[in-house]
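Have a look at the structure below, then the notes.
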Amino acid sequence: MKYLPAILVGKLLFFSTIHAGVIQFFDPTKIYQNQTLQVDLKTFIANDPVSMKEFFDDWKGEYTPKDTQNIALLDSRFAVGVSLKKNYYLEYFYQYSVFLDTNKEFTDFLHSVKNKNNLIANKIYTPKLDIIGIKQNGLLVSKSQKIFENDKYTFGLAGAFYISYGTEMQDGVVNGDIISTGAKDYDIDVSSSYYYTHNYLYDLDVKGAYGYGYGSHVGLYYENKEYLLKIKFLANDLVSKMYWKNLPYSKILLKTKNKSYNENGYVKYAPSISGLEQYRNYTQRLVPSYKFESNLKLKNIALIGGIEHKYKINFPYLKMTYEFNQAQTFDIMYESRFGSFGFGYEYKWFKVEIIANKFTNFSSFGFNTNFKYKF
């Protein structure tokens, strides 16, 4: 992240932070002046096959799947924090993350079925769907410390620890076979192993579940003062777990035995379900995320490049920041995984950023805003 000079305007503190990627990180290396309150909201939502509007509807319009892996994700984080003495930071946070991963065979099948397109007769689809999700809120404390500094270089180390309360989760896998028996007919034979708080595979009333957990984040940074170069490495949720009590669990087999057909001859079915449904105590291990970023300052322009890694996927990004003066900046950013392009503007104590892959019917969209107050 890029830090521009901090200036005090009355009781308002200007202190620029930059975010250009897909995953919402907590950065423990951030250092603010003592007694600074900040409110931070970051969200990014995206998917590969269709626009966000159609993803939650009938998959009409443009269909643009990846040849192999197709993903959908939502990553959001809201935080209210305060900087304390000796580079300590205390924060309340709310986090909501969902990730789905499937193959093109499954998205092709879903697209055809939702649009009532003719299927290829006697084609065997082998769908594989993974889903991971967490909704939690908690308290976090972090500490940043310079471990070496001279006139040319600075090295720093930072860490954070949090405790949290979980209210929703998803952790499961679906696989099997789908066989098209005709242009408008198919048979399904799939199985799933699935922990959840809401069952997205079929309607099922379950008791609410809750969990308690903890987690840790770390950060390393290097600054070359002569060349105005900064390099940063972040690792979030290195050792993070959620312990769920009485969590619904399904290990089931779904088959299409109960068929009917609409007026156009397209199959409709109520799947037969067999297997295991029970409540379990479960330990969910949160997926770690990693970030590497470099920042080069050239007079009043900063060039930022980085890569985020999570869910075994890389999310590269680029960003350029133009500093009009110490009170305002303008950003241009690009992330390559979904092809999103965006802008940001900061003035004194407030910053906003918007990023998307299209102006309308977008399949990726991000929004970040930040507010700071010196008391």
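Structure above, values below:
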quantity	calculated
Test for G133: is it in contact (Cβ under 8 Å) with a residue 24 or more places away in the chain, in a strand (DSSP E or B), touching a Lys or Arg at 6+ places or on another chain (Cβ under 9 Å) and not charged (D, E, K, R)	no
Only listed residue being acidic (D, E) and either in contact with a Gly (Cβ under 7 Å, 6 or more places away or on another chain) or on the phi > 0 side of the Ramachandran plot (or both), chosen from E293, E277	E293
Tabulated pairs, the range 66-94, first under 30 Å from M52 (Cβ atoms), second in a helix (DSSP H, G or I) and of a type in the set (K, R), C-beta under 7 angstrom, 6+ apart or interchain	K66/K104; D67/K104; T68/K104; N70/K104
Residue match in the range 166-177 (condition: modelled with pLDDT of 90 or more, hydroxyl-bearing (S, T, Y) and either within 28 Å of E149 (Cα to Cα) or part of a strand (DSSP E or B) (or both))	yes
Scope the range 159-181; condition among the small types (G, A, S) and farther than 21 Å from F78 by Cα; matching residues	G172, G176, S180
Hits in the range 209-254 (condition: part of a strand (DSSP E or B) and of a type in the set (D, E))	E223
In the range 343-375, residue farthest from D48 (Cα to Cα) [restricted to those that are within 17 Å of the chain's Cα centre (by Cα) and of a type in the set (G, A, S)]	G366
Qualifying residue in the range 51-65 (condition: surrounded by 19 or more Cβ atoms within 10 Å (Cβ to Cβ), assigned to a strand (DSSP E or B) and not hydrophobic (A, V, I, L, M, F, W, C))	no
Answer residue from the range 255-289, given it is of a type in the set (F, W, Y) and part of a strand (DSSP E or B) and is nearest to the chain's Cα centre (by Cα) among those	Y282
Residue that is modelled with the lowest pLDDT, among those in the range 191-208 that are among the hydroxyl-bearing types (S, T, Y) and assigned to a loop (DSSP other than H, G, I, E, B)	Y202
Residues (surrounded by fewer than 21 Cβ atoms within 10 Å (Cβ to Cβ), of a type outside the set (K, R) and under 22 Å from K66 (Cβ atoms)) located in the range 302-341	I307, H309, Y311, I313, N314, P316, L318, Y334, S336, G339, F341
Answer from Y334, Y373, Y322, Y345 - the residue that is assigned to a strand (DSSP E or B), more than 30 Å from Y227 (Cβ to Cβ) and among the hydroxyl-bearing types (S, T, Y)	Y373
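The values are calculated or read from the model by the stated rules, or taken from the named source; none is laboratory data. This is a predicted model, so every value here is computed, not measured. Every residue, glycine as well, gets a Cβ built from its backbone with ideal geometry; the counts of neighbours run over all protein chains shown.
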